[in-house]
Amino acid sequence: MNKLFFGSLFLMQGIWCYGQQDSIRISAKLSADVQNLIVEQQIVYHNPHEVSIDKIKLLNWVAAYQNRNTPLLKRKLKDRKKDLYFAKPTELGALNNLHVEFDGKTKDIEKLQEEFLYLDLDQKLEPQSSKTIKLRYEVKLPNAKFTGYGIDKTDLNLKYFFIVPDSFENQDQYPKHFLDTEQNLNSASYWDVNFDVHEAFKVESSLHHTGILKNEFAGVSVNDPEFYISLNNIDKISVNVDEQKIDVVFGYPITQDDRASLEFYLPLH
């Protein structure tokens, strides 16, 4: 895997901020075949612009994996990577059965082709005013061989797969596409995510474990959060850096020799 999350480590750091911020609350159930996430979600969206807006843009980046016409596939071909072009239908990703509720209205879309979704508002949303949006949908997870995110046998590395507001858009609300360049999509939102998985699975995240539910994670992060679900034991090392405890979580087993070396070198890095 070419992602740091699988190949090495990630830091369990929550960065808390104050003031108005979007909040994203998710309950995600992993299907028995480990191919789909069934998601119930609530977004409290704040208009970050200095002008009122008549639509809200949400990003649906799992759609980048759905066919041969996406900017992601074209970028991969430029990099001489043809896995996505020759992918089997079972290896592709998509958003299905989307149900949206806001302003007392409901909207159903069986399959969303675009990587962005515009919600037209009956009344303009003033600067810093908020709107609550409820969603239900299914995410068909792609094979992780394309970008490092998705399904690797029975291990799952999840990032950019949930529907979220774009924290970096301007008032023109232009479309934006997933290009697998580790671009930051959603920053400084409050996340609260709970996974419903078979008891054999272990779950870790770059968000903090709440200690309330077994697989619930929450917090505010400047980076898009990652979630790792595995049937294997998840090794962890705790180190102190500048009097701050940092948990380093690995996506593979480590030996005692590796552990000893890492406990020495990690604080230095």
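So if I check each of Ile212, Ile229, which one is among the aliphatic types (A, V, I, L, M) and assigned to a loop (DSSP other than H, G, I, E, B)?
Ile212
Would you point out the residue of the stretch 92-108, among those that are touching a Phe, Trp or Tyr at 6+ places or on another chain (Cβ under 8 Å) and among the aliphatic types (A, V, I, L, M), that is surrounded by the most Cβ atoms within 10 Å (Cβ to Cβ)?
Leu95
Can you work out which of the residues in the stretch 180-197 that are surrounded by fewer than 17 Cβ atoms within 10 Å (Cβ to Cβ) and at pLDDT below 95 is nearest to Ile24 (Cα to Cα)?
Here the answer is Ala188.
Those residues that are over 30 Å from Gln128 (Cα atoms), at pLDDT 95 or above and surrounded by fewer than 18 Cβ atoms within 10 Å (Cβ to Cβ), I need them from the stretch 37-73; list them, please.
Across the stretch 37-73, the qualifying residues are Ile38, Pro71.
Looking at (1) modelled with pLDDT of 50 or more; (2) touching a strand residue (DSSP E or B) at 6+ places or on another chain (Cβ under 9 Å), which is the only condition Phe5 fails?
(1)
Considering only the stretch 132-141, I want to know if a residue exists there that is under 28 Å from Lys82 (Cβ atoms) and either assigned to a loop (DSSP other than H, G, I, E, B) or at pLDDT below 95 (or both).
yes
The values are calculated or read from the model by the stated rules, or taken from the named source; none is laboratory data. All values derive from a computational prediction rather than experimental measurement. When we count neighbours, we look across all protein chains shown, and the Cβ atoms used for this are built from the backbone with ideal geometry, even at glycine.
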